[in-house]
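Inspection log for the structure reproduced underneath, given as structure tokens.
Throughout, read-outs are computed from the coordinates displayed, never taken from laboratory work. Every value quoted in this text rests on a predicted model; they were computed, and no experiment measured them. Here the Cβ positions follow ideal geometry from the backbone for every residue, glycine too, while neighbour counts run over all protein chains shown.
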Amino acid sequence: MKKIAVLASGSGSNAENLVKYFRKGDLARVSVILSNKKDAFALERAHRLGVPSLYFGRDDFYNSSKILETLKEQEIDCIVLAGFLWLVPDDIIEYFSERIVNIHPALLPKYGGKGMFGMKVHAAVVENGEHETGITIHYVNSNYDEGSIIFQAKTEVLPTDSPEMVAEKIHALEYEHFPRIVEKIVASL
């Protein structure tokens with residue numbers, strides 16, 4: 001059975017969705033949820049779901065090999081970023097080449113890059129009068145939101161949509177497509 005590590009910085013709703021999705025089959029399991037924020041609700045979700053979790057600080061991530069060694073020790077096959085806001089260090093990217101996947105709440109290359117996440121993306125989409133938006137699932141490289149695109153799904157943006165309404169549409173796309181695409185990637189490993 002393949003082992004997935006999820007990195008999350010926020011509420012962890014996509015992490016929970018992945019945990020529940022993979023529990024239905026025998027291909028893979030989310031083995032650990034890691035967060036760079038002590039108070040991330042993702043850690044509470046992990047506890048509630050019975051999934052091991054780990055908090056790590058900036059120094060652990062960028063100035064030591066602690067996280068990479070932890071992932072190796074746990075024999076992780078694939079890393080999934082689900083609302084994780086830090087750039088992944090090169091040593092982790094190199095070791096897990098083409099095995100780190102991110103989801104972004106826009107149709108990249110639009111509305112990507114450092115600082116573009118969550119409601120900031122949805123507000124920009126609405127402010128710019130976009131007629132459509134969506135999700136992008138992509139491999140992670142050493143730049144924010146610039147890795148090879150694996151999958152995109154679109155949704156209409158109505159003139160009456162608020163950023164919160166766009167967020168609801170995006171969450172629906174994430175919950176529908178993210179686990180399925182991660183499953184395809186893990187199945188190919």
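Computed quantities for the displayed model
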{"item": "Distance between modelled label sites at S142 and E127, nm, 7 Å Cα→Cβ extension", "result": "3.1"}
{"item": "Simple Cβ-charge dipole of segment 2-187, Lys/Arg +1 and Asp/Glu -1, about Cα centre, in debye nearest 20", "result": "500"}
{"item": "Reachable aspartates and glutamates from K66, criterion Cα separation under 19 angstrom, eight or more residues apart if same chain", "result": "E75, D77, D90, D91, E94"}
{"item": "Neighbourhood charge, 13 Å Cβ-Cβ cut-off, centred on N102 and excluding it, Lys, Arg +1 and Asp, Glu -1", "result": "-3"}
{"item": "Of V125, V80, V30, the one that fluctuates the most in a GNM where the chain has Cα springs shorter than 10 Å", "result": "V125"}
{"item": "Highest-fluctuation residue, I137, I79, I67 considered, GNM on the chain with Cα pairs under 10 Å", "result": "I67"}
{"item": "Long-range amide H partners of Y55 with built H, under 5 Å", "result": "S35"}
{"item": "Sequence of T160, T70, T136 once ranked by neighbouring C-beta atoms within 10 Å, starting from the fewest", "result": "T160, T70, T136"}
{"item": "Helical mean residue ellipticity (222 nm; -39500 (n - 2.57) per DSSP H run of 4+; nearest 500) of the chain", "result": "-11500 deg cm²/dmol"}
